[in-house]
Amino acid sequence: MSENSNQFLDALKQMQGVEVGDIVDVEVLDVEDGQIDVGVENAGVEGVVPRREFTSDRNLDLREAVKPGDKFKALVLRKAGGDKENGEFFFSVTRLKEREAYDELQKDFEEGKTIEGTVTSSVRGGLLVDVGTRGFLPASLISNRYVSDLKPYIGKTMKLKITEIDPSKNRLILSHKDLIEEEREEAFDKVASQLVVGDVVEGKVSRLTNFGAFVDVGGVDGLVHISEISYKHVDKPSDALKVGQDVKVKVIGIDDDRHRISLSIKQTEPSPFEQATAELNEGDIFEGEVKSLTNFGAFVEVADGIQGLVHVSEISFKHVDKPSDVLEVGQKVKVKVLNIDPSERRISLSMKAADSKGSENNEESHSHSSYNKNTVNKKYMSNDDSGFALGDIIGDQLKDRR
């Protein structure tokens, strides 16, 4: 068989070998408004690449993008009927790129790698992202916080994780939230390993909610519950704090399982009880007002919102059946400090020990330093302060008892 015959047979085999699904080398023959006419190299087969199969950019001018003679690879989509001897094929460049992208993305998915993509548009329920092919980023997987406005993400390049991939269905689901959670866990482990409950550290308020403030401590957000912001009553965290504000916080809890750090701002400062009793010593004698009466004693105000208990046995040298038999709410009485318990925030008082007429140790009692309640009120307390009140000792239910 002649050399020319062999070449003809080889060419014939190539022509017959062009099938749907093949990846072939094509050469641009002509460029029209909506398509590119191409021929398969060394196969004698011609076809077209429709505009949508060449680019997703609606503004692209095909005549500027390619010229006759340009060569590139394309995917054989299907064969269309025509008058030409070998029929006419439709080719796609975009689907070839998608196939190649899916092959690479499949590897990234199996290896758990992080990928990058650019958000091209927002649709109902999420974002469309270009990662070499089109992927979908659900709104619920954009962040670990609720995202209501998707528009600011358009045009941004984001780091992503692949949560689901199915090339046969052209399905690619992405997540940015998973990446945030992974980074958060790593950051938590690092920071938590350096913290101990009881530590006092510097932090910065990162965001405010109705139930508290999140404070950044070393790259991890810890929660200061609204009840831990101040000893004073706080209606809203925003009334007491601002985003970006530097604060000192105390670590009051570390939950390794839930990756949470609980913080307190108020516990870095002296409590109203500590402030009020800073100048109060055992043995001090002062005049206080009876605030409430119970069957077992009387509560006398030490400072605004701070009360001490005069047990019924410490009211008088005479036997007292009920405190209400000898005392009434609002009455001014002289009391002596018997004991101060900072851990329990309790103050024990005695009227009889302060009674110069009934006590044999009258002179000794008066030798102690005198405690000025008004001075403490002015220096430490305000009308809004709440501290060692009746409820700290026995419960609010006792306030109205007589």
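The values are calculated or read from the model by the stated rules, or taken from the named source; none is laboratory data. If you're wondering where the values come from, they're calculated on a predicted model, not measured in any experiment. Don't worry about glycine lacking a Cβ; one is built from the backbone with ideal geometry, like all the others, and counts go over all protein chains shown. These area figures cover heavy atoms from the full protein model, side chains too; ligands, DNA and RNA do not enter into them. Shrake-Rupley method; radii C 1.70, N 1.55, O 1.52, S 1.80 Å.
Cross-link check: pairs Lys73/Lys169; Lys232/Lys332; Lys318/Lys352 evaluated at a Cα-Cα cut-off of 20 Å; pairs beyond the cut-off: Lys73/Lys169; Lys232/Lys332.
With a Förster radius of 45 Å applied to the C-beta separation of Arg171 and Arg207, the computed FRET efficiency comes to 0.85. Spin-label pair Asp199-Asp257: with each label point 7 Å from Cα along the Cα-Cβ axis, the two points sit 2.3 nm from one another. In the context of the full set of protein chains, residues of region 171-246 present 56 Å² of accessible surface per residue (probe radius 1.4 Å, heavy atoms only). Comparing Ala43, Val18, Phe54 along the charge dipole axis of region 15-61, the residue lying farthest to the positive side is Phe54, per the Cβ-charge model.
Over 24 Å apart at the Cα level, from the set Lys97/Lys159; Lys156/Lys190; Lys190/Lys236; Lys248/Lys291, are Lys156/Lys190; Lys190/Lys236; Lys248/Lys291. Determine the shape class of region 42-191: with a ≥ b ≥ c the square roots of the Cα gyration tensor eigenvalues, call it rounded for a/c under 1.5, and otherwise prolate if a/b is greater than b/c, oblate otherwise. Prolate shape, in that a/c is at least 1.5 and a/b is the bigger ratio. Counting only protein chain heavy atoms and rolling a 1.4 Å probe, the accessible areas of Phe317, Phe273 rank, largest first, as Phe317, Phe273.
Rolling a 1.4 angstrom probe over region 84-206 with all protein chains present gives an accessible area of which 46% lies on carbon and sulfur atoms. For region 252-342, the fraction of 1.4 Å probe accessible surface lying on carbon and sulfur atoms is 41 percent. With 0.36 nm allotted per residue and the present C-alpha distance subtracted, the Arg145-Glu111 stretch has 9.6 nm of extension available.
Applying 1/(1 + (r/R0)^6) with R0 = 35 Å to the Cβ-Cβ distance of Glu164 and Arg184 gives a FRET efficiency near 0.95. Probing with 1.4 Å while keeping every protein chain in the model, the per residue accessible area of region 71-150 equals 59 Å². Counting Lys and Arg as +1 and Asp and Glu as -1 over every other residue whose Cβ lies under 14 Å from the Cβ of Phe72, the net charge comes to -2.
Using 0.36 nm per residue and subtracting the Cα-Cα separation, the extra length available between Thr157 and Glu279 on full extension is 37.8 nm. Per residue, the solvent-accessible area of region 249-310 (1.4 Å probe, heavy atoms of protein chains only, all protein chains present) comes to 38 Å².
Placing a label point 7 Å from the Cα of Glu269 along the Cα-to-Cβ direction, the residues of region 301-333 whose backbone N falls under 18 Å from that point are 304-306.
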